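K.L.:
First the structure, which I've put down as structure tokens, then a few questions once you've had a look.
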Amino acid sequence: VNNYNYIHSEDTGTYLIQTTVGLRSNLHLKFARNKKFKNTEIACKNLLRAESLTRQNNITLDGGIWDANGDGLPGCTPLSSTQCLRFVNLEDLEIKNVKVLNTTKYCIFVNNATRVSIHDVFFNTHSDGIHVTGPAKNFHIKNITGYTYDDFVAVGGPDYNGYAAYQGNCEDFIIENI
């Protein structure tokens, strides 16, 4: 991932992830909608993570089935901090055409972000589907389906200690067709 700006795969197999994949600025990932990425580690964690002290920008995730395998890993409980797709301190993020499955916490977590589009997403989780904490500005969230045991889309300021590195207001949100 670190040596490329664009990764495209129409392969429909399963890719086993043993450690969190770190994302960086100007990275565009495009996968077949039925390309599966599955967590294989014993410890609960994020499958994808874009988080840095320096602000990252221009990241796209298009497609794929992201299976945190929370039900199949020892030690994963609904209280575990498994946020399957975690994005912190960034701008210009687009997430589309993805399925996020079997998380023990949030499917998609976003904190300290500007200009974010999340659309055409299906999830199945023991907690929130999309969880946004401020500061957050200029979000468009639409066409979200699936099942949760908590909030479908949660937007708020300060959150639980340890979940959000930054705290602030949320403003300019459009949420439709959920």
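K.L.:
Just to verify a number: FRET efficiency for Asn58 and Glu10, C-beta to C-beta distance, R0 = 25 Å, to 0.05?
P.N.:
About 0.65, to the nearest 0.05.
K.L.:
Let me ask something else. Suppose R0 equals 25 Å. What FRET efficiency, 1/(1 + (r/R0)^6) with r the Cβ-Cβ distance, do Gln167 and Arg115 give to the nearest 0.05?
P.N.:
0.80
K.L.:
Ranked highest first by the average count of other Cβ atoms within 10 Å around their residues, in what order do 58-68, 30-40, 15-25, 97-107 fall?
P.N.:
Output ranking for 58-68, 30-40, 15-25, 97-107: 97-107, 58-68, 30-40, 15-25.
K.L.:
Kindly report the accessible area of the stretch 101-161 per residue (heavy atoms of protein chains, probe 1.4 Å, no ligands, DNA or RNA), in Å².
P.N.:
37 Å²
The values are calculated or read from the model by the stated rules, or taken from the named source; none is laboratory data. The shown structure was predicted, so the numbers you read here are calculated from the model rather than taken from an experiment. Note that we place each Cβ from the backbone using ideal geometry, even for glycine, and neighbour counts take in every protein chain shown. Each accessible area value is taken on the protein alone, full model and side chains, heavy atoms only, with ligands, DNA and RNA left out. Shrake-Rupley method; radii C 1.70, N 1.55, O 1.52, S 1.80 Å.
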